[in-house]
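J.: Starting off with a structure, shown below.
The values are calculated or read from the model by the stated rules, or taken from the named source; none is laboratory data. Since we're looking at a predicted model, the values are computed, not measured. Glycine gets a Cβ as well: all are built from the backbone with ideal geometry, and neighbour counts include every protein chain shown.
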Amino acid sequence: MHDPHFCGLDYLDAAMLAVSPEGALSYFNPAAGDLFGLKDDQLGLPLAACLAPDTAVFAAVGTALSRNVSITEYELLLPVAQGDAYVSLTVAPIECAGRTLALVEIRQIDQQRRIANEERLHAQQQANRELIRNLAHEIKNPLGGIRGAAQLLSSELPNPQLKEYTQVIIEESQRLQSLLDRLLTPHRLPQLSELSIHEVLERVRSVVLAETPNGLAVRRDYDTSLPNLIGDREQLIQALLNIVRNAVQAMAGVGEIVLRTRVARQVTLNRKRYPLAIQVQIHDNGPGIPEALKDTLFYPLVSGRPGGTGIGLHLAHTFVSQHHGTIEFDSRPGDTCFTLHLPLNAWHKKPQGNTP
């Protein structure tokens, strides 16, 4: 598995295999090991003894070696460790230590779509954040002037009943100021420290139960063996709290939420591979996310709730992204699950002050 000729392939998210002219498995990277359930002791064995029978792979390898050409196939249904998966397959002959090997690259179609969606969402979020930051700065100054003028006018009005109108102006200006402050919050650098994800979840759980004392059940399903991670405690609390609050509001305060933690191994997040990550799942049995909102759910100012600001999930996505993690969701009526992945070794140095 750790052939020095192929060490650069170890960290790719695509499954990579090398097959000798005799048809033996010469190398596979961790992604291929995960996809097909391969073990180190299978190196040197015939490919047919390592993979489930699939004529497309074996035929492509044979053609690439015999004709010295590259072969590409799209949307193949391939037997893998977890069942069947649609994949794209590329096989190319390469020279290695004086021999011609077949280098096989296999990508799951759903993985390609997930990576493309992550890139699209990341680019959109970057553009949105820049637009919002510019708009917020432009709005804050005149907003402060409106509030100040209303306060002065209120002190000059002789009729107390008229002051009700100026009070509305003052309160609404303060509400808009608070909204702008929340929009600008994500631009603060994370304050890093070692923390337990379960302490973060317990804080979220206690806050939500205090806010909704009747009709709501919040169940724990924790893997207590998880190690600590380096992160910003307040940002992670806010991110998870926003997701859980969103679920509570969707259920109108009546239903069940499950907080689940697990370890995830050999995961690719934002096109970077990590050996270990913490997986946090938030399940609820509410009505589900409307189909019309699914593509824009993490965009700012997008909300399916009357009176909602659409800031909560946008902030959650931003804070998790600042921790080099990802958020995904799957939703249908009666079962919605948000899945967060937070890599354990995202910060290469111990935190020093405010610099990640």
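J.: When the stretch 227-260 is examined, which residues are found to be surrounded by 20 or more Cβ atoms within 10 Å (Cβ to Cβ), under 14 Å from VAL200 (Cβ atoms) and in contact with a strand residue (DSSP E or B) (Cβ under 9 Å, 6 or more places away or on another chain)?
T.: LEU229, ILE230, GLY231, ASP232, LEU236, ALA239, LEU240, ILE243, VAL244, LEU259
J.: So is SER154 part of a helix (DSSP H, G or I) and either of a type outside the set (Val, Ile, Thr) or modelled with pLDDT under 85 (or both) or not? Talk me through it step by step, then tell me what you get.
T.: On the way: part of a helix (DSSP H, G or I): yes; either of a type outside the set (Val, Ile, Thr) or modelled with pLDDT under 85 (or both): yes.
The answer is yes for SER154.
J.: Evaluate the stretch 247-255: report whether one residue or more is closer than 24 Å to GLN177 by Cα and either at pLDDT below 90 or not in a loop (DSSP other than H, G, I, E, B) (or both). First the steps, then the outcome.
T.: Step one: of the stretch 247-255, the residues closer than 24 Å to GLN177 by Cα are 249.
If we keep only those that are either at pLDDT below 90 or not in a loop (DSSP other than H, G, I, E, B) (or both) too, we end up with 249.
Among the residues of the stretch 247-255, at least one is closer than 24 Å to GLN177 by Cα and either at pLDDT below 90 or not in a loop (DSSP other than H, G, I, E, B) (or both), which makes the answer yes.
One line per residue, one yes/no per condition, for (1) in a loop (DSSP other than H, G, I, E, B); (2) modelled with pLDDT under 85; (3) not polar (S, T, N, Q):
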{"position": "HIS2", "(1), (2), (3)": "yes, yes, yes"}
{"position": "HIS5", "(1), (2), (3)": "no, yes, yes"}
{"position": "TYR11", "(1), (2), (3)": "yes, yes, yes"}
{"position": "ALA18", "(1), (2), (3)": "no, no, yes"}
{"position": "ALA31", "(1), (2), (3)": "no, no, yes"}
{"position": "ASP34", "(1), (2), (3)": "no, no, yes"}
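J.: Still on this structure: As an exercise: evaluate THR224 against (1) loosely packed, with under 14 Cβ neighbours inside 10 Å; (2) under 19 Å from PHE329 (Cα atoms); (3) of a type in the set (Ser, Thr, Tyr) and give the number of the one condition it does not meet.
T.: For THR224, the exception is condition (2).
J.: Looking at LEU313, LEU301, which one is assigned to a loop (DSSP other than H, G, I, E, B), over 19 Å from PRO227 (Cα atoms) and modelled with pLDDT under 90? Talk me through it step by step, then tell me what you get.
T.: On the way: LEU313 fails: assigned to a loop (DSSP other than H, G, I, E, B).
Just one listed residue meets the conditions, LEU301.
J.: Would you pick out the residues in the stretch 75-91 that are surrounded by fewer than 16 Cβ atoms within 10 Å (Cβ to Cβ) and under 20 Å from GLY62 (Cα atoms)?
T.: GLU75, LEU77, PRO79
J.: Quick check on my filter: what residues within the stretch 36-69 are surrounded by 15 or more Cβ atoms within 10 Å (Cβ to Cβ), in a loop (DSSP other than H, G, I, E, B) and at pLDDT 85 or above?
T.: LEU38, LEU43
J.: Now for a separate question. Which count do you get for residues in the stretch 178-198 that are outside any strand (DSSP E or B), modelled with pLDDT of 90 or more and in contact with a helix residue (DSSP H, G or I) (Cβ under 8 Å, 6 or more places away or on another chain)?
T.: Step one: filter the stretch 178-198 for residues outside any strand (DSSP E or B), giving 178-192, 196-198.
Checking the rest, the ones that are also modelled with pLDDT of 90 or more come to 196-198.
From what's left, in contact with a helix residue (DSSP H, G or I) (Cβ under 8 Å, 6 or more places away or on another chain): 197.
Going through the stretch 178-198 one residue at a time, the tally reaches 1.
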